[in-house]
1. Looking only at the stretch 295-312, count every residue that is of a type in the set (S, T, Y), open to solvent by less than 30 Å² (accessible area, probe 1.4 Å) and out of contact with any Lys or Arg (no Cβ under 8 Å at 6 or more places or on another chain) and tell me the total.
2. Kindly provide the set of residues from the stretch 248-269 that are open to solvent by less than 50 Å² (accessible area, probe 1.4 Å), within 10 Å of C289 (Cα to Cα) and touching a strand residue (DSSP E or B) at 6+ places or on another chain (Cβ under 7 Å), ordered by number.
3. Quick one: count up the residues across the stretch 375-389 that are outside any strand (DSSP E or B) and among the acidic types (D, E).
4. Spot the failing condition for T292; the list is (1) touching a residue at least 40 places away in the same chain (Cβ under 8 Å); (2) farther than 20 Å from G317 by Cα; (3) surrounded by fewer than 14 Cβ atoms within 10 Å (Cβ to Cβ), and only one is missed.
5. Among the residues of the stretch 333-368, which ones are buried (at least 17 other Cβ atoms within 10 Å of the Cβ), touching a strand residue (DSSP E or B) at 6+ places or on another chain (Cβ under 6 Å) and part of a loop (DSSP other than H, G, I, E, B)?
6. Looking at N378 and the list (1) open to solvent by 50 Å² or more (accessible area, probe 1.4 Å); (2) modelled with pLDDT of 90 or more, which single condition is not satisfied?
7. Can you spot a residue in the stretch 306-314 that is closer than 30 Å to G225 by Cβ and either in contact (Cβ under 8 Å) with a residue 24 or more places away in the chain or among the basic types (K, R) (or both)?
8. Quick check, is G276 more than 17 Å from K335 (Cα to Cα), modelled with pLDDT under 95 and not in a strand (DSSP E or B)?
Amino acid sequence: MNFPDLVSPVALRQRPIILSSALLATLLVILLLVACSASDGKDGNDGVDGPQGLQGAQGLKGDTGPQSPAGAAGKDGVAGVAGDSGAQGPVGKDGVAGVAGDPGAQGPVGKDGVAGVAGDPGAQGPTGKDGVDGVAGVQGLKGEVGPEGADGIDGEAIGLPGPQGPKGDEGLQGITGETGPEGPVAEPGIQGEAGEAGAAGEAGAAGEAGAAGEAGAAGEAGAAGADGAAGAAGAAIVRNIPASNVLTPLDSVTSTFTSTTIGADGLGLISYTKSGFMGTNNELKVAHCDNTNCTSATKTTLDSTGNVGDYTSITIGADGLGLISYRDITNSDLKVAHCSNTACTSATAATIDSTGRYPSITIGVDGLGLIIYSDVPNTNLKVAHCENAFCTPYFRRR
């Protein structure tokens, strides 16, 4: 940049009136002389201004002065015309995925689109196999019998009758004419073929029920039913350990082959044999404790027919009642007694096997009795599984 370009427009307009350096020097000398001569005297009156001298020639261009401070910023110029859009920059990298917003409400169902043109039907597939015949439907009602047609004129028999021709189509029924006078009875004609069987009539009313047949043999025992709901909790039984053993006589008779269990009421139930002496028979007895310590009991004779009651074994059945196995000495039988109540003051006795010593009884997971015993004549171990809670063959609950 050239410095003359920095000169302001005002300086350029004042150039014609600038005095030459020589004229300026002359004026300065005159002023100095006047000042020296008037230093001692009084100042005189100002002289009359002389006429303006002629404009001197333009002096030489002086040195460029220091740059003045920057002026105030000018007003914003008029906005230029927008340039053409630049080429689109490359696509930036994908930003971090934002948190998924809550799903918006479901929009309304759009209208059904226009149905497409139906396609050409496909080729017919192969014929399938015949299905299983369906069940025969119920026979329809018998239709009404049509009116009887008029009798045709009897023809005369000429020669031997020929073979009967095929049956013709049935003609339309004519109008019934008036009944003519009864003619003479003609000889019977050749009997025609039997007509087709008519439709079956409606089924008659059901007959009365026949007498009940004899009861069939007992079927096999059914599968055990599902477990019932749990019963209400029973009264708590306190079984405190005594400070010392408490020994209590319960029966004054000679007792052998004892067995005990705890009944459904939480009290002891004892089976035992009343042993006979001097020609008397044994008996099966049971004692039901009156309290937890069994300091007293209710005693009952359950079986005294013959010499019975050896090798007793007792358990509580699924019905909550006692079940006792024992030996009938007189007949060498294995027997069982099912208590009729919790205290077993009575029982139902039944023979299980014609042999059986040393029996032991328990209740299986099916709730039925299971008895192990010895077959003495054959020295075999045998087992008997009760078919019902009473362990009684052919028992039927009424």
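The values are calculated or read from the model by the stated rules, or taken from the named source; none is laboratory data. Since the structure is predicted, the reported quantities are computational estimates derived from the model, not experimental observations. Using ideal geometry, Cβ is built from the backbone for each residue, glycine included, and neighbour counts are taken over all protein chains shown. Note: areas computed on protein heavy atoms with side chains; ligands, DNA, RNA excluded. Shrake-Rupley method; radii C 1.70, N 1.55, O 1.52, S 1.80 Å.
1. Going through the stretch 295-312, the residues of a type in the set (S, T, Y) turn out to be 295-296, 298, 300-301, 304-305, 311-312.
Then drop every residue that is not open to solvent by less than 30 Å² (accessible area, probe 1.4 Å), which leaves 300, 312.
Filter again for out of contact with any Lys or Arg (no Cβ under 8 Å at 6 or more places or on another chain), leaving 312.
Within the stretch 295-312, residues that are of a type in the set (S, T, Y), open to solvent by less than 30 Å² (accessible area, probe 1.4 Å) and out of contact with any Lys or Arg (no Cβ under 8 Å at 6 or more places or on another chain) number 1.
2. L250, G263, L267, G268, L269
3. Initially, the stretch 375-389 is screened for residues outside any strand (DSSP E or B), giving 376-379, 386-389.
Still in the list and also among the acidic types (D, E): 387.
So the answer is 1.
4. Looking at each condition in turn, T292 falls short on (3).
5. A343, C344, T355, G356
6. (2)
7. Keep residues of the stretch 306-314 that are closer than 30 Å to G225 by Cβ, which gives 313-314.
If we keep only those that are either in contact (Cβ under 8 Å) with a residue 24 or more places away in the chain or among the basic types (K, R) (or both) as well, we get 313-314.
Yes, because at least one residue in the stretch 306-314 is closer than 30 Å to G225 by Cβ and either in contact (Cβ under 8 Å) with a residue 24 or more places away in the chain or among the basic types (K, R) (or both).
8. Numbers: more than 17 Å from K335 (Cα to Cα): yes; modelled with pLDDT under 95: yes; not in a strand (DSSP E or B): yes.
Judged against the criteria, G276 is a match.
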